[in-house]
1. Roughly speaking, what is the centre-to-centre gap between the range 41-111 and the range 127-166 when only Cα atoms are used, to the nearest Å?
2. I want the local charge near residue 140. Using Cβ-Cβ distances under 13 Å, sum +1 for each Lys or Arg and -1 for each Asp or Glu among the other residues.
3. Go ahead and estimate [θ] at 222 nm for the chain from helices alone: -39,500 (n - 2.57) per DSSP H run with n ≥ 4, summed, over the residue count, rounded to 500.
4. Explain nothing, just compute: Karplus ³J(HN,Hα) = 6.51 cos²θ - 1.76 cosθ + 1.60, θ = phi - 60°, for every residue of the range 112-121 in order, whole Hz, x for Gly and Pro.
5. Within the range 30-46, name every residue whose backbone N is under 14 Å away from a label modeled 7 Å from Cα of residue 56 along the Cβ vector.
6. Mind checking which of 52, 90, 23 has the largest fluctuation in a GNM of the chain, springs on alpha carbons under 10 Å?
7. Kirkwood hydrodynamic radius for the chain: how many Å is it when counted over pairs of different Cα atoms?
8. Within 10 Å of each candidate Cβ there may be at most 11 other Cβ atoms; applying that plus a DSSP loop requirement, which GluC sites (Glu not before Pro) in the range 1-106 survive?
Amino acid sequence: MKKKLNSSAGFSLVEMLCAVAVLMLLCVMVNTGLSVAMKTYFDLTAESETQLLLNTLTDAIAGELRYAHETKTAGNGALESYNGGRGLTLESGQVYAGGKELLPKEKDGRGGAYKNGDYQVEAMDITYDRDAACFTLHLKVTWKDSGISAQTPEGGVVIRCLNPPEKEGTS
């Protein structure tokens with residue numbers, strides 16, 4: 001029995017504690033790295049989806065306005081209505097054309113382009129230039145509860161009207 005106690009085979013208590021401490025430190029470092037990587041992934045995904053919603057809305061609005069006629073604007077050139085009273089409005093963070101959602105939800109009523117309200121249109125401004133026969137669109141889309149957003153360029157997106165109205169009403 002004395003030989004067994006004097007044997008140097010195996011690890012001492014101090015060596016075991018050091019190994020456990022190093023392993024715990026390594027686990028903390030990996031956990032921190034994964035947390036940062038996941039946050040970056042979610043932020044990049046949200047930024048990408050925000051940009052995608054902005055591009056999709058821009059295309060949908062351009063499709064609405066490209067063939068507009070009977071354009072009615074306010075004194076500052078802001079678009080009020082087109083095509084005999086049809087209008088583009090911003091309500092609860094979504095864009096409506098003629099009272100219907102421009103980008104509707106899925107058939108079962110969930111999801112859709114706005115991801116159940118996670119993404120919202122924060123600002124929409126449309127002006128009409130009668131001389132150039134074109135609309136200028138300014139949009140800003142945000143991801144709810146974050147600082148992530150996407151917006152059209154500073155000068156806006158120019159949408160050429162293919163059949164410009166001969167007469168324009170102002171109010």
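1. The range 41-111 and the range 127-166 have Cα centres separated by 10 Å.
2. Values: positive: none; negative: 122, 125, 154.
Residues near residue 140 contribute -3 overall.
3. On the way: 2 runs with 59 residues, N = 171.
Calculated at 222 nm, the ellipticity per residue is -12500 deg cm²/dmol.
4. Whole-Hz 3J(HN,Hα) from phi for the range 112-121: x, 5, 8, 6, 6, x, 5, 10, 9, 7.
5. Those under the cut-off are 46.
6. Comparing 52, 90, 23 in a Gaussian network model of the chain, the most mobile one is 23.
7. On the way: mean 1/r = 0.0497 Å⁻¹.
Across the chain, the inverse of the average 1/r is 20.1 Å.
8. Details: sites: 15, 47, 49, 64, 70, 80, 91, 101, 106; in loops: 70, 106.
Filter output for the range 1-106: 106.
Values quoted throughout were computed directly from the atomic coordinates according to the rules given, and no laboratory measurement underlies them. A quick note: this is a predicted structure, and the numbers were derived from the prediction, not measured. All Cβ positions, even for glycine, are placed from backbone atoms using ideal geometry, and neighbour counts span all protein chains on display.
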